[in-house]
Amino acid sequence: MNNPEQRQSGRREFLARTAKAGLAVAAVGAASYLLYDPAVPTPAEDAGRLVTLPDFSVPAVPAKAMSIVTGAERTRTVDKAIELLGGIERFVKPGETVAIKPNVAFASPPALGATTNPDLVGEVVRLCYKAGARKVIIADNPINDAASCFALSGVDAAARRTGAQVLLPTDSMFKYTTLEGGKLIRNWQVFFEPFIKADKLIGIAPVKDHQRAGASMTIKNWYGLLGGRRNIFHQDINTIIAELSMMVRPTLVILDGTEVMVTNGPTGGSVSDLKRANTMIASCDQVAADAYGCTLLGLKPSDLPYLAKAQQAGSGKIDYESLKPKLTAIS
Amino acid sequence: MRIVTTRRMSQTFFFALFLWFCIVATVGEEFRQIRGWPVNWFLQLDPLAAIGTILTEHSLYYPLLWAAATLILTIIFGRFFCSWVCPFGSLHNFVSWLGNRRKPTAQKIELNKYRKAQRIKYFVLVFFLAMAAFPSIAATLQTGLLDPIPFVTRSFNLVLLPIFDKPANIASASDRFYEGAWLIFAIFLTAILLNLVIPRFYCRFVCPLGALFGVIGRFAVWRIGKNQSECINCRMCEKSCEGGCEPTQNIKISECVLCFNCRQDCKHGVISYQMRPSLAGEVTDPDISRRGFALSVAGGILAVPAIRLTGTLGDNWYHKVIRPPGALPEEQFLKRCIKCGQCMRICPTNVIQPGSFAGGLENLWTPVLNNRIGSSGCQLNCVACGQICPTAAIRPITLAEKLGRDEFEKAGPIKIGTAFVDRNRCLPWAMGKPCIVCEENCPVSPKAIYTQEYFDIIRDGAMIVESAGASRITFVEKDLLPGELATGDYYCLIEGGQRLKVVANTEGSVEVSSGDKPMKEPAAGSRIEIQIRLQRPYVDIEKCIGCGVCEHECPVSGKKAIRVSAEGETRSSKRRLLLDS
Amino acid sequence: MRAKPGQPNQRESVISFGLLGLLFLIGLWIFTAQFNFDMGRFGMSVPVDEVSAAKQGITGKETAALESFAPAGFEASSGVETYTAENLYEKIDGKADFYLDSGFRKLFTRRFKDRNDDALWFEVYLYDMASNRGAFSVFSVQRRPEAVASGVLEPIYTYRTANALYCMNGHYYIELVGSVESEPLFGAIMETRDNLRKNLPVDMVTEITELKLFPAASLVPESFKLYLSDVFGFEKLTNTFTARYKADDEIITAFFSRRPDAQDARNIAQAYHSFLLESGCTDKATTNEALKNLKASVIDSYGATEIIFVTGPFVAGVHEAQNQSAAQKLVEMLADSLLVAAGQKK
């Protein structure tokens, strides 16, 4: 009946078959995992299904609209800056979901200052969880490949270290929006998914020189939310930035002027493009934050036409002094 | 407990479950209504739906993850689904048994022999998958036409249930109607009756899902086979073989549906479900040649542009294809709709109908609204169809999105079309008869139908005044019907332009009231027009959402005097009526 | 392992039972899954005005309260019907206007019947009048003359007739109307009413504090009424409480209305006075000191006496009394009471 040879070839055949079956099962598992789409399909032509970004701002408290802290260590200066505005508890309530929008536009290492410093992002995430946030999402729609941008900028590691979830953009996460009163943002794709789930929005941006706009700070940071062929807006850069200030009403913006990119912005490339200014700004008014931040670049607010447009649209005040910003130094 | 008995119990269980899911798929909270019943479970278990949508949309819509379980179990155990779970298969099994049980054994064995035609189902599978797979050349999901789970769901939902539920109305609140159901019935009946020709005809020759299982079941760890080479070849094992796989010699694993009948029928214990291949030889690969495969692929790829030559996705789009609210834009929709009929089943107003060929070949059995059928057009406060669609071809929208509330207030409500007044048929427009039923029934607020007052002279309404006094005007003509003008719609227009409401009339006179102002008595011999006051309906296309209640209620009941067509639907920017603001 | 051909071996049985167990688990899963549902996602259970309803504080708890209970021996014989301002007339026809003018928001109704006797049933009408004053108004104005207050709690806010119980609870006005006169049926009605009182979300007290301002002497018990508009036929007189008093052989009606301030009270009083004069009444002189101090107007209203006076923010008086002296005495008492109230408040 069964001789050893037959048995052996039978066994071999069985093993081969089982191995193939195992591979097939693995393939099914892998395909399911990779292709898994937890979202409902977005209509390809989303005309008419316009969304509006929610208003994430918290009620104003007089004299707690802006704080400027000088010091060398980012994690400490940002702690102080937020503390001066009333503490993280003023902005983040227990159980809330916080969306953080850092500048992760480039696959650039932290040392070059083209992206938001990962330690800073990590510290803000930590603060949010300290305030009892249920979840912190970090999202951006980078110019380069998203995964590499998050990885090389260190933000991904910072997220994993602090327990935040990085949301990499996929097509289904974009929705169409039209900005009321906007000329450029009409029926335009915006990276909307982080907002659906978020109760609060914090923007974190470095101070950078920008060839086209003059400077890239907290308002320009929202450019990352635009989808589609957004570089078309560079033709009217000041209007688009002003419209971004109208479209996005964050809870808080943090402007990192610790190492400021004074030349060759926005990508920089050399450490020598950076100058140490050791300043951290936290603000509920993004126009005021930018107005102060540009002084770190040696500019005046009047050098940035988008500030006037944004102020005119009601997005904030250029005259940051009127907000009575709190100034402190940390040794 | 024999395994075959267990299998039959499993078939009964899943068939009963399937039937129950069909019955409860109706909106409501009671036990016999939808509640939380997972009525799409069979469709979600169906890997053809999952693989089809993966090919067309490049993602796995999360509820279809169940299909992975089916696939994994098939890879490990073989084509169990066909004999243990598939409700359509169970039906075929049952009818085949009914038809064949009295036949002599020899004939049964002969009927269960392997036939080359069993290859056809693989060509069908490849054809459909090719139609789905190639973006920009092909990409349409037509698996639903022959995929057994949508097939049987459709047949029960749209044909059998409406028929058998008619007297008792348990499954639905009222009698249901489905256009073109005769075709679904005919195909269903044919599939069932063919079992009397060859057992499990559909399963062996047509079913693309069975083909899919046959292909991926090749590596199954356990398979049916002979466990000893000494066999008297009585061929009893093939007496009740359901797959037509010929376990006697060179069993065709891809055809074996794990019915275990062979194992039970073998009086000598030769057949078993074992890890080693059958000692009488086995064939794991489906019996299709490379040429056949290539031809199927080519056919599938070419079929799609051929179908689309009609231009129905472009300028020649058919205006009567009104899709339910939440439906994806058409090209995307056709990549996801598996024609299961669940939306038609659950629609509480019975307005969603299976589509016909009129909108193109791809339109067959897709959801299309027919406002004349059912109770009221698309009900305003209902989003049931999107909630039940297993592949989200109709998105599961919220009521807020449908009505344009809360965060969708700026976006506005979803429009599925626009109503157009047919002024040649509308009673106040063409027939001089008052009617504002459409305006009254328009459910949106503010209404999308408004009326404008219009006075029209009635037939033979030109009169000459004989005398007039107080509130009575007497005419020379004496041929009115007494009382006919007393409905409150009739007016007298006298020379000088004053319009008086007619309160009563006799054959030759009317009694009028002039409201606040006194009547300027018309002179004898002057002309008078008897007019009827009409309210002519106009559609405000900015507000009309195309729900079709107006069309449903229009008393011109044949070809309605107000009809919805798909222009203006929000899901398509090309079909806009208005310039966007 | 090979068994005797034709007989199931043990492994086969174990596997078979295992698979049957799996089927059982699947059935169990499906059965439990169906409990977990949210009808709101189908849209249909959400009424059109859900958004504004939520803003008005309508919680759906009324429906829950009506659905959660049936008196002993009874069962619900209808679902809970809900009516809004738009279609209230479908249920109560001509009465609808009265409710609509009194702040009506929603009506919930349900019928209950005796399990053993179809003829024995009652219907609950639960009116959400938005305020306790609205509820009191529709309650008191519709109080039946044959009302029996004994045997019910809070007689001011509850009364019964032979077959029905009427009461108010916070901002709800509740009618429980039985199909026949029957004590057992009424028992079920009482049980239902008690249950509703426990389960209705009432964020307003039932008690109407103004009623205490009526002097107690000779008051006909539970004769309070609140008219919200068009009081005594005069459109400017609104929100007026009335109560009836025994005076010798007559019943006199006293009234008062609290206005926003004293000036408004004077304006209203004057306007009412003029209204009466325009309708053909005439001024009467009075020698009563108290009335003179109050600067009250005494008017002859086709033989009956109407007295109007103002105290603080109150415009008050006596309506169509035959017996002038009794009316005057009543006015004195009422004025005292209102004076105290006016003095205590601004």
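Counts of other chain beta carbons within 10 angstrom of each beta carbon in peptide C:26-34 average 4. Spin-label pair B:Thr506-B:Glu484: with each label point 7 Å from Cα along the Cα-Cβ axis, the two points sit 1.8 nm from one another.
By the rule of a C-alpha distance below 26 Å, with chain neighbours fewer than 8 residues away ignored, the lysines paired with A:Lys20 are B:Lys121, B:Lys226, B:Lys252. Loop sites here are chymotrypsin sites (Phe, Trp or Tyr not before Pro) outside DSSP states H, G, I, E and B with no more than 11 other Cβ atoms within 10 Å. The longest part of chain C free of them is C:36-301. Which of rounded, prolate, oblate describes region A:229-306, given a ≥ b ≥ c as roots of the alpha-carbon gyration tensor eigenvalues and a/c under 1.5 marking rounded, otherwise prolate only if a/b is larger than b/c? Since a/c reaches 1.5 but b/c is at least a/b, the shape of region A:229-306 is classed as oblate.
Counting Cβ atoms of other protein chains within 10 Å of each residue's Cβ and taking the mean over peptide B:395-403 gives 4. Interface A-B: total buried accessible area of about 3200 Å², 1.4 Å probe, protein heavy atoms only. Using Cβ point charges alone (K and R +1, D and E -1), the dipole size of chain C about the Cα centre works out to roughly 1280 debye.
In degrees, nearest 10, range 0 to 90: what is the angle between the Cα axis of helix A:237-247 and the longest Cα principal axis of chain A? Orientation of helix A:237-247: about 80 degrees from the principal axis. To put it simply, the accessible area of region A:138-201 at a 1.4 Å probe is 52 percent carbon and sulfur.
In a DSSP loop and with at most 16 other Cβ atoms within 10 Å, the chymotrypsin sites (Phe, Trp or Tyr not before Pro) in region B:1-71 are B:Phe31.
With 10 Å bins beginning at zero, the pair-distance distribution over Cα atoms of chain A amounts to 6, 25, 33, 19, 6, 4, 4, 2, 1, 0 %. Computed over chain C, the quotient of the alpha carbon radius of gyration and 2.2 N^0.38 Å is 1.47.
Take the Cβ atoms of C:Glu235 and A:Ile196, set R0 to 51 Å, and the FRET efficiency comes out at 0.45. If you take the square roots of the eigenvalues of the alpha-carbon gyration tensor of region C:209-341 and sort them as a ≥ b ≥ c, do you get rounded (a/c under 1.5), prolate (a/b over b/c) or oblate? Judged from the Cα gyration tensor, region C:209-341 comes out rounded (a/c under 1.5). Take each peptide in A:211-223, A:8-20, B:417-429, B:123-135, count the other Cβ atoms within 10 Å of every residue, and average; sorted highest first, the result is A:211-223, B:123-135, B:417-429, A:8-20.
For the pair B:Arg119 and B:Arg101 in one chain, pulling the backbone fully straight at 0.36 nm per residue adds 3.9 nm over the alpha carbon distance.
For peptide A:30-40, the mean count of partner chain Cβ atoms within 10 Å of a residue's Cβ comes to 6. Using only alpha carbons, the protein assembly as shown has a radius of gyration to Kirkwood radius ratio (Rg to Rh) of 1.06. The value of relative contact order for chain B, using C-alpha pairs under 8 Å at least six residues apart, is 14 percent.
Between C:Ser274 and C:Ala217, the simple spin-label model (points 7 angstrom out along Cα→Cβ) gives 3.6 nm.
Charge tally around A:Val248: other residues with Cβ under 14 Å, Lys/Arg +1 each, Asp/Glu -1 each, net -2. In summary, the lysines within cross-link reach of C:Lys198, defined as a Cα separation below 22 angstrom excluding same-chain residues under 8 places away, comprise C:Lys61, C:Lys106, C:Lys113. Other residues whose C-beta falls under 12 angstrom from the C-beta of B:Pro135 contribute a net charge of -1, scoring Lys and Arg +1 and Asp and Glu -1. Here each label is just a point 7 Å from Cα along the line to Cβ, and for B:Asp315 and B:Ser375 those points are 4.4 nm apart.
How high is the FRET efficiency between A:Val61 and A:Asp303 when r is their beta carbon distance and R₀ equals 41 Å, given to the nearest 0.05? Result of the calculation: an efficiency of 0.85. Taking other residues whose beta carbon is less than 12 angstrom from the beta carbon of A:Thr263, and scoring Lys, Arg as +1 and Asp, Glu as -1, yields 0.
Computed from Cα positions, the angle between helix C:183-199 and the longest principal axis of chain C comes to roughly 90 degrees.
The calculated pair-distance distribution of chain B uses every alpha carbon pair, bins of 20 angstrom beginning at 0, and gives 18, 39, 24, 12, 6, 1, 0 percent.
Angle of helix C:132-141 to the longest C-alpha principal axis of chain C, folded into 0 to 90 degrees and rounded to 10: 70°. For B:Glu495 and B:Tyr538, a Förster radius of 35 Å and the Cβ-Cβ distance give a FRET efficiency of 0.70, rounded to the nearest 0.05. Of all lysines in the structure, those lying under 30 Å Cα to Cα from B:Lys559, and not within fewer than 8 positions of it along the same chain, are B:Lys166, B:Lys320, B:Lys339, B:Lys402, B:Lys415, B:Lys433, B:Lys447, B:Lys543, B:Lys574. If only the Cβ of Lys and Arg carry +1 and only the Cβ of Asp and Glu carry -1, the dipole of chain B around its Cα centre is close to 3180 debye.
The values are calculated or read from the model by the stated rules, or taken from the named source; none is laboratory data. These numbers were taken from a predicted model, which means no experiment stands behind them. Cβ atoms come from the backbone with ideal geometry, glycine included; neighbour counts cover every protein chain shown. Keep in mind that these areas ignore ligands, DNA and RNA; they rest on the heavy atoms of the full protein, side chains included. Shrake-Rupley method; radii C 1.70, N 1.55, O 1.52, S 1.80 Å.
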